[in-house]
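The values are calculated or read from the model by the stated rules, or taken from the named source; none is laboratory data. Predicted model only: the values in this text are computed from it and were never measured. FYI the Cβ positions are ideal-geometry reconstructions off the backbone, even for glycines, and counts take in every protein chain you see. Each accessible area value is taken on the protein alone, full model and side chains, heavy atoms only, with ligands, DNA and RNA left out. Shrake-Rupley method; radii C 1.70, N 1.55, O 1.52, S 1.80 Å.
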Amino acid sequence: MEELDKIKKEINSASDLKELDGIYKKYLGKKGEVALALRSIGDLSEREKKERAPQLQSLKKEIEEEVLKRSSELKSSGAEEALRGEWLDVTAPGKKAELGHLHPLTQIQQKVNEIFSSLGFEIVEGPELETEWYNFDALNIPKDHPSRDIWDTFWMQDKELLLRTHTSPVQIRHMEKHQPPIRIIAPGRVFRHEASDASHDIQFYQLEGLMVDKDMSVANFKAVINEFLSQLFGENVKIRLRPSFFPFVEPGFEVDMYGPKGWMEMLGAGMVHPNVFKAAGYNPVNWQGFAFGIGLDRIAMMKYKIDDIRLLYSGDLRFLKQF
Ligand code: FA5
């Protein structure tokens, strides 16, 4: 009886289920005191057996009942709830939370936006679905220009609308609504119905730039683009300007940058053509400006040493996880 009282006290002092479990095992577990005594009953003499067996059986029963009682007390008191945290096996290897990150193109886009913002450029947007007027006519692109061809442009079925082939239409949309001085960039997705290769895809990102004011010259463009590229790639960036032709600028040029695979064309640019000013409602006598269209994918390729543009759109996690 004395023994039973002591055990009951112990059971009732258990402050959580784990401790209670330990007490139960101490007496009735495989190597528990009472369990062992019960098992060794066979070694006793017949007389001892008769006396001891019922005592041990009832002790076992009493312990079981007391443990059950204490267990339900602990559960209902909410102690169990509070202890759930402590039951965590802190030595178990953790589950790694898969963290995503921004796509390399988005990272580049954000960096480029930051640089141009620091140079005083405002960020504007235009629609991906365009009219022929904004994408071609207003940009002085002749009616018979090959870029209007169905093999270059994705036309909607009724031919009323098209997927913009460059971000230049945003120049017109912005000038229609704003008066100079103008200093904007317009990043966005563009589409071309053409064969893809390591540096060309059928959809890609461009960043249009437009600066309009009085007394603007090519020198202003060179200063801005130099500042932009050296902020992004460092002072030692190697670039070259080549004369080129775009109907919406005069003169026009292309800018190449030197990288791991030699020279790569990064952007087209030039001084805004008077006909473009006229289409937007400006008097070309009063204003000058420069415009440029940067291939953002090409910038990302140079920055991250990516040798195939198509990887950017592959959705391949093995590729994306490197950035
Ligand atoms: C244009 O799209 C002109 N709108 C750029 C411009 C704007 C010129 C303002 C003058 C004034 P171009 O087709 O060259 O030009 O494209 C501009 C840049 O986009 C290229 O230098 C290149 O970096 C990128 N680019 C062109 N085609 C692709 C393509 N298929 N895939 C990926 N990038 C391309």
>> I need the calculated FRET efficiency for the pair F233 and K159, taking r as the beta carbon distance and R₀ as 56 Å, to the nearest 0.05.
In response: 0.85
>> 7 Å from Cα along Cα→Cβ at both K31 and E125: what's the point-to-point distance in nm?
In response: 6.9 nm
>> Straight-line reach from K143: which lysines fall under 18 Å, measuring Cα to Cα and dropping same-chain residues less than 8 apart?
In response: K159, K278
> So which lysines pass the test for K305, namely a Cα distance under 24 Å, with those fewer than 8 places away in the same chain ruled out?
Replying inline: K111, K238, K261, K321
>> Over the Cα atoms, compute the radius of gyration (one decimal) and Dmax (the largest Cα-Cα distance, rounded to a whole number) for the stretch 159-198, in Å.
In response: 13.5, 41
> For labels at E48 and K143 in the simple 7 Å Cα→Cβ model, what's the distance in nm?
Replying inline: 12.0 nm
> Toward the positive end of the charge dipole of the chain, about the Cα centre and with charges on Cβ (Lys, Arg +1; Asp, Glu -1), which of L229, Q288, W155 goes farthest?
Replying inline: L229
> Computed over the Cα atoms of the chain, what is the convex hull's projected area averaged over all directions, in nm²?
Replying inline: 30.7 nm²
> FRET efficiency for E265 and H101, Cβ-Cβ distance as r, R0 = 25 Å, nearest 0.05?
Replying inline: 0.30
> Where a ≥ b ≥ c are the square roots of the eigenvalues of the C-alpha gyration tensor, would you call the stretch 89-205 rounded, which needs a/c under 1.5, or, failing that, prolate if a/b is larger than b/c, or oblate?
Replying inline: oblate
> Given L59, S15, S76, which one lies farthest toward the positive end of the charge dipole of the stretch 2-85, if we put +1 on the Cβ of every Lys and Arg and -1 on the Cβ of every Asp and Glu?
Replying inline: L59
>> Suppose every Lys and Arg Cβ carries +1 and every Asp and Glu Cβ carries -1, with no other charges. What dipole size does the stretch 2-85 come out with about its Cα centre, to the nearest 20 debye?
In response: 280 debye
> Can you give the accessible area per residue of the chain, in Å², using a 1.4 Å probe?
Replying inline: 57 Å²
>> Is there a quick way to get the dipole size of the stretch 75-222? I mean about its Cα centre, with the Cβ of Lys and Arg at +1 and of Asp and Glu at -1; what is the value in debye to the nearest 20?
In response: 340 debye
>> Of all beta bridges DSSP finds with both residues in the chain, what is the antiparallel percent, to the nearest 5?
In response: 95 percent
> Summing -39500 (n - 2.57) over the DSSP H runs of n ≥ 4 in the chain and dividing by its residue number, what mean residue ellipticity at 222 nm do you reach, to the nearest 500 deg cm²/dmol?
Replying inline: -12000 deg cm²/dmol
> Relative to the longest principal Cα axis of the chain, at what angle does helix 104-118 sit, 0 to 90 degrees, rounded to 10?
Replying inline: 60 degrees
>> Run the numbers for L68 and K321: contour at 0.36 nm per residue of separation, minus the present Cα-Cα distance, in nm.
In response: 85.7 nm
> Reachable lysines from K95, Cα under 18 Å, same-chain residues fewer than 8 places away excluded?
Replying inline: none
>> With angles folded into 0 to 90 degrees, how steeply does helix 46-76 sit against the dominant principal axis of the chain? Use alpha carbons for both and round to 10.
In response: 30 degrees
> With each label point set 7 Å from Cα along the Cα-Cβ vector, what nm distance links S40 and S117?
Replying inline: 8.0 nm
> Short version: ³J(HN,Hα) in whole Hz for each residue of the stretch 138-144, in order, from phi by Karplus 6.51 cos²θ - 1.76 cosθ + 1.60 (θ = phi - 60°), x for Gly and Pro, what are they?
Replying inline: 5, 9, 6, 8, x, 4, 9
>> Using 28 Å as the Cα-Cα cut-off, could you pick out the over-long pairs in K30/K96; K26/K50; K18/K49; K96/K303; K8/K75?
In response: K30/K96; K18/K49; K96/K303
> For L88 and R242, FRET efficiency with R0 = 56 Å and r from the beta-carbon atoms, rounded to 0.05?
Replying inline: 0.30
> Where nothing but the Cβ of Lys and Arg (+1) and of Asp and Glu (-1) is charged, how large is the charge dipole of the chain around its Cα centre, in debye to the nearest 20?
Replying inline: 840 debye
> Most fluctuating residue of D137, D21, D308 in a GNM of the chain with Cα springs under 10 Å: which is it?
Replying inline: D21
> Taking the Cα atoms of the stretch 2-85 alone, what are Rg (to one decimal) and Dmax (as a whole number) in Å?
Replying inline: 14.9, 51
> How would W133, W287, W151 rank on accessible area, largest to smallest, probe 1.4 Å?
Replying inline: W151, W133, W287
> Just how far, in whole angstrom, is the stretch 270-292 from the stretch 205-250 if you go by their alpha carbon centroids?
Replying inline: 16 Å
